[in-house]
Each structure stands twice: as structure tokens, then as C-alpha cells.
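Each remark here refers to the structure printed beneath this line.
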Amino acid sequence: KGEKMKFPDNFLWGGATAANQCEGAYLTDGKGLSLVDILPAKAEKRNEALFNPEQALKTKYQYYPSHQSIDFYHHFREDIKLFAEMGFKVYRMSISWPRIFPNGDDESPNEQGLKFYDQVFAECRKYKIEPLVTINHFDAPLALFKKYNGWANRKLVDLYLKYCEVLFKRYKGQVKYWLTFNEINMILHIPFLGGGLDVRNSENPEQLKYQAAHHQLVASARATKLAHEIDSENQVGCMLAAGQTYPYTCNPKDVWAALTADREGYFFIDVQSRGYYPSYSRKIFKEKNIELQWAATDQQDLLENTVDFISFSYYSSRLTSADPSVMEKTAGNIFASLKNPYLKTSSWGWQTDGLGLRTTMNQIYDRYQKPLFVVENGLGEKDEVTPEKEIHDQYRIDYLAENLRELGNAIEDGVDCLGYTSWGCIDLVSAGSGEMSKRYGYIYVDRDDQGKGSLRRLKKDSFKWYQKVIATNGQFL
Ligand code: P53
């Protein structure tokens, strides 16, 4: 408090969702199955399925969270109206690839799928909400996994570009901000969701993952080119699962370990933002025995088509040590991180570090000098509905306020930031755990971990709070 926050006048305040976590209607109007659609809820061992998709494909589970989710597909008008009531200037969402190409390699796109997004964008426009669209958020068509082992196959580049071309042409004038791949670095951690990839049978899984990553990087560059050609107004961003890694101690070995850990993610953004592979990648590939196959045009495509802005998700900082006896880890995250004794921990074991957001933003901006966009940030917690149908989520307000104040500080540090979309602005299914009970929203949805509930929407305390934050352009923080 005291000094007032200096958010720019045109700062894009909003919230974020992803198709597979909120739309439901998993086979409606010609949609094909997506990767996520074969994953069960947490209680049915979602993580096992995630790392053994062949097995998951053969297993019949009780409950598939993505099949109905919160049924945004049939509630989008009501939901976008609530976003508008909060004052959203931007809505980050994703397009479901298998709604547009049910098998990924279909001759022509599915008109009904395209129509759905026409309506969603029209609804956004009605309230002057700018859509920010993720082209692929963990839900590639399942058929591409079966037929090609996903992005391991270079054929995916062409299929993805065909999909992009359809989107850029169809939604020209409707959508200006695009993200090519959600959390592109996650392909190294969750290759099935990130790349439609099963790496278990590979002699060198690292080779396979980086080859798939290379294909995505080339596809991202060529999509950027296409977006700019089709509409010079288009702004294309990359998207990193970010969070600065801290060294556990001032032991130089810990510092080196932290730098090395961050490079694993920055590798992707280095390529997408600078246009070429970073020099350190040569050594990493040598150590891991990786030899990538490049097409003749790849180098030029990467170099000539870098991103316009850099977006990222930030939930917390990370912590690493060179000493294997330092053991205590945070729970419930795909990223193994040590537990930071200076930070608070949520019910799902994620830690809160607002200042870490400022550090991360400064770090990324120093590295690339391109505008940033914070497209995911938030607290997944259990919420309780009182008999009066109220939800007092002060813990969420505290988390968001702390992070937003630090975002404001980063702007004052000199970081150029286009906007902020908090994750799961309406409750939705968790990507990591498949649970509904891990809630992020300003809007509560009556739906439980077994898929039961009325789907009724309720405003949480954080709804009013965020409305004020936006109305005062951050002065309220
Ligand atoms: P949840 C971990 C695992 C999967 C996706 O996560 C993740 C992460 C965190 O880095 O990334 C994003 O739902 C993702 C969203 C996801 C959000 O984190 O496991 O882009 O799809 O919902 C939050 O609590």
C-alpha cells in the first residue's frame, strides 16, 4: 500500500481457461476425441494413465472429467456475461483442435466446431472483451497419437499449420492475440499431453522428446509467419511454464544447479524469441546423446519468425539443490521442486511466492526485451459454500493480491507487460489432478469430483474483489 500501483491505462485485465478443462460436450457437433479425453479422474490413477497412455486407451474408467467438465459449451453466454460483469478486458481461452479437425488429418474442417467459436468470439465482442487464443492447450486429437505417435512425427507440423490456417482465416478480425502452444516446455515433463507422445518404448526418450519439441518450435515459427501474412494486426506469443528456480543455498553448486534447471525451460523461449538454438543446447544434446533431424528450411523459418510477445504461467518459484540429501519436496506437482521453508503451502502442496513473480518477470524481460503477458496465475483451493450460497475465499484474494502487487512492482521496475489473465477464472477441471475440487475461480461451479452437481454458477467473494481491482486499474490493490 501507500504508493499507488502504476498499471498502464490499456492494461489487459482478465482470466484464462482451456477448452479441454471447461467445455465438456466431448463428442458434441462432430468433435473427435482429444488426448485428455482418455484420462480418468485422480481417484482412478490419472497420473499412471498420463505416463502410460497405451494402457489408458484400453481401460474403461468410471469418470472422465473432460467429458462434461463445467459444460462451458452450453453455458458460454452466461459465463462470458459474468466475465464482463467483472470488467474483463481480455479472455484467454483455447480452441479444441479435435473440434475443428476431429482426427487431426481430416480433409476439411468441421463446420460446427468452427461455428461454436464464432459464437464465443461474438459474445466476447459484445462486451468489448479481447480474446487471447491458445491454439493448442494439451488436447491434440487422440487420433494423431494413435497414428503418428504425435509430434514425434514431422507430419504434425503440416497438420498443425493446416489447422492454424483455418483459424487465422476464419477468425480474422475477431482474434488478434494468439498463443501457439500452451506451456511448450511441459512436453519434457508430460510428453503425452504436451506432444501426443508415448516415450516408454523409445531407446532414448530424451531424443524423442527433443525431436518432437523441435517440430513444435518449427511449427510455432511457421504459424507465426502465417498469422502475420493473413492479418498484419495479429500478435503471436509463445507460452512458458515459468517460475524462477532458486538455489537451496549459496553453495556455488546449488547456484549452478538452479541456472541449469531454468535453462531447461528457457531453451524453448530462446528459440521462439531469438530465432535460433541457444549455444548451451549443443552440450546438453551431446550429454543426452541427442541428434536432431532438421529439414533444410528449419533454420531460416526459426530465424525469420520470432514471436511478438512472451507469455507465461506462474504459480510459484522453484527450488533446487545439488545435494541429493536435501529431500523435502513440494507435493502435487508434475515439476519436482524442493520445499522452500520461507513460503506458505496450499492444500495441494503448491507454494506461494509473489515476489518470485516479480523476479521471474524481470528475468524474462532482461533476457528477451519483448512485451510480457502473464497468462496464468492463481491458487487452486477447496472452497466451501455457506448455506446462504456464499463463498468466502479470502485465501484466494490474498494470493492474487500479493501476486498482482508484485506484478505492479515489476512494471515499475521497467518491465513491459501487456496484461494479466488469472488461471481458471471460472472453476474448471484441474489439468494435473483431474479434480473439480481444486478450484481457481472467481465463479464457483456446482460440480464435484465424481461429476455430480447442478452446474449452477455462484459468485465468490473474489469476484467482487477482482471487479474492484479492474475498475480501479489496480489502484485498489
Ligand atoms: P492444475 C502442472 C501440471 C499440468 C499443467 O494446474 C500445468 C501444471 C503447472 O505448471 O500447467 C498449467 O490444474 C496448465 C493449466 C493448468 C494449470 O497449470 O494441475 O496450463 O492447464 O490447469 C494449473 O492445478
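General observations
- Calculated diffusion of the chain, Stokes-Einstein form, Kirkwood radius summed over Cα pairs, 37 °C and 0.692 mPa s, µm²/s: 146 µm²/s
- Positive minus negative residues near L355 (Lys, Arg vs Asp, Glu; Cβ under 13 Å): -1
- Helical content of the chain, expressed as a calculated mean residue ellipticity at 222 nm, amounts to -12500 deg cm²/dmol (DSSP H runs of 4 or more residues, -39,500 (n - 2.57) each, divided by residue number, nearest 500).
- Point-charge dipole on Cβ atoms (K/R +1, D/E -1) for segment 1-57, about Cα centre, debye to 20: 360 debye
- Simple rule: put +1 on each Lys or Arg Cβ and -1 on each Asp or Glu Cβ in the chain, find the dipole, and look at W178, N362, W13; the Cα lying farthest toward the positive end is W13.
- Proximal charge balance of E291 [Cβ under 12 Å; K/R count +1, D/E count -1]: +2
- Three-way shape label, segment 157-265, alpha-carbon gyration tensor, a/c 1.5: oblate
- Surrounding net charge for T17, when Lys and Arg each add one and Asp and Glu each subtract one, Cβ distance under 11 Å: -3
- Evaluating kT/(6 pi eta Rh) at 10 °C and 1.306 mPa s, with the Kirkwood radius of segment 286-344 over Cα pairs in the Stokes-Einstein relation, gives 99 µm² s⁻¹.
- Farthest toward positive dipole pole in segment 390-477 [+1 Lys/Arg, -1 Asp/Glu at C-beta], among H392, S454, W423: S454
- Label-point gap, in nm, between L27 and N47 - each point 7 angstrom along Cα→Cβ: 3.1 nm
- Cα gyration tensor shape for segment 322-456, rounded if a/c is under 1.5, else prolate or oblate: oblate
- Charges were assigned to the Cβ only: +1 to each Lys and Arg, -1 to each Asp and Glu. The resulting dipole of segment 292-446 about its Cα centre is roughly 380 debye.
- Segment 284-351: relative contact order as a whole-number percent, Cα under 8 Å and 6+ apart: 24 percent
- Semi-axes of the equivalent ellipsoid for segment 395-457, computed as √(5λ) from the eigenvalues of its C-alpha gyration tensor and ordered from largest down, come to 31, 11, 10 Å.
- The chain: relative contact order in percent, alpha carbon pairs under 8 Å with at least 6 residues between: 18 percent
- For the chain, a simple Cβ point-charge model (Lys and Arg +1, Asp and Glu -1, everything else neutral) yields a dipole of about 180 debye relative to the Cα centre.
- Per-residue extension of 0.36 nm, minus the Cα-Cα distance of K115 and L57, leaves a gain of 17.9 nm for this segment.
- Using the average count of surrounding beta-carbon atoms within 10 Å as a protection proxy, the listed peptides 256-265, 306-315 rank, highest first, as 306-315, 256-265.
- Sites R456 and E291, calculated FRET efficiency, Cβ-Cβ separation with R0 56 Å, nearest 0.05: 0.55
A short reminder: the numbers here are calculations on the coordinates, not readings from a lab. Please read all numbers here as calculations on a predicted model, not as lab measurements. Cβ atoms come from the backbone with ideal geometry, glycine included; neighbour counts cover every protein chain shown.
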